[in-house]
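Comments concern the structure below.
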């Protein structure tokens, strides 16, 4: 009888911890882009992902259309696309 109770309790604990770990990992991606979504409310998920990656040193697309308008990455990519013809580079 003690063996059955111990087996049921250990199975319950395994299921409880597995469910908690899955719930936390699913929420992490949403929190990652949440501050960027607040800064750029009209940006698509692709643009938010690129803005986050640009600011944190990850992989990002080198296309200004793939970044939220007005973000740091958008400005720097626009400058590169125009070859610095705005008079700021020599």
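Note on 71, 35, 42: ascending count of other Cβ atoms within 10 Å places them as 42, 35, 71, the fewest first.
The ranking of 2, 78, 45 from fewest to most other beta carbons within 10 Å of each one's beta carbon is 2, 45, 78. Applying 1/(1 + (r/R0)^6) with r as the Cβ-Cβ distance of residue 44 and residue 8 and R0 = 41 angstrom yields a FRET efficiency of 0.30. Ordered by the number of other Cβ atoms lying within 10 Å of each residue's own Cβ, fewest first, 59, 40 fall into the sequence 59, 40.
Every number in this text was worked out from the coordinates using simple rules, so none of it is lab data. The shown structure was predicted, so the numbers you read here are calculated from the model rather than taken from an experiment. Because the Cβ atoms are built from the backbone with ideal geometry, glycine has one as well, and the counts that use them run over all protein chains shown.
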